[in-house]
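Student: Right, I'll just put the structure down here and ask away after.
The values are calculated or read from the model by the stated rules, or taken from the named source; none is laboratory data. Remember, predicted model here, so these are calculated numbers, not experimental data. Neighbour counts run over all protein chains shown; Cβ positions are idealised from the backbone, glycine included. What goes into the accessible areas is simple: the full protein's heavy atoms, side chains included, and nothing from ligands, DNA or RNA. Shrake-Rupley method; radii C 1.70, N 1.55, O 1.52, S 1.80 Å.
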Amino acid sequence: PPRRPPDLDVAHFPQSSNRLEPLELDSNAFTRLPEVLSNMPRLKRLSLAGNQLKLTEQTLAKLNRLRTLWYLNLSNNPLGATPDVSLMSNLRRLLLRDTGLTELPEGLNNCAHIEWIDLRENEIKELPDWLFQKTRRFTEALNLGLNPFNETTKTYLDNYRKNFGIGMGYTADD
């Protein structure tokens, strides 16, 4: 298939794009969020996996305004910052595998409808206390495999697994 020029921008979608609900732009070498996202008030599913996205203050704000999302996939991007999902009250699936995250996303603890959270292969060393107080449904939805946890966090995860039978993907047999 022909390769797209690296400077291709999807900013010039047709006007009707404001009615789009899913938008999947995986593996396109994008380095920033498409401008068109600002004009998509009904967007429910956004997948930009496998690009070269780096989040800035402006793009973090743009992402945070996508309040209707129920599916967000930014996996395999060198994000450089952690997304804030505080206003995404409908979020059900959050995929941020191999994005260089060093912490859990802001607002994740308030995602009441979450079904799947993929935070594998990041740089998370420490987990927040609130995580170990969450419901079984929430912790079963979370996969934290292949993160370089510090010893304290490893102990918390081991104890949580012993007490509740849920390892959050920390060990290979979860």
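Student: Cβ-Cβ below 6 Å, separation at least six or inter-chain, first residue in region 109-132 and more than 17 Å from A81 (Cβ to Cβ) and among the hydrophobic types (A, V, I, L, M, F, W, C), second part of a loop (DSSP other than H, G, I, E, B) and open to solvent by less than 50 Å² (accessible area, probe 1.4 Å): which pairs?
Tutor: So the pair list comes out as C111/L91.
Student: Restricting attention to strands (runs of 3 or more DSSP E) lying wholly within region 11-126, give those where 1 or more residues are modelled with pLDDT under 95 and either open to solvent by 60 Å² or more (accessible area, probe 1.4 Å) or not basic (K, R) (or both).
Tutor: 22-24
Student: Name, by its number, the condition in (1) part of a loop (DSSP other than H, G, I, E, B); (2) over 13 Å from the mean Cα position of the chain (by Cα); (3) loosely packed, with under 15 Cβ neighbours inside 10 Å that does not hold for W130.
Tutor: (1)
Student: Given the conditions (1) modelled with pLDDT under 95; (2) surrounded by 14 or more Cβ atoms within 10 Å (Cβ to Cβ), which single one is not true for L144?
Tutor: All conditions are met except number (1).
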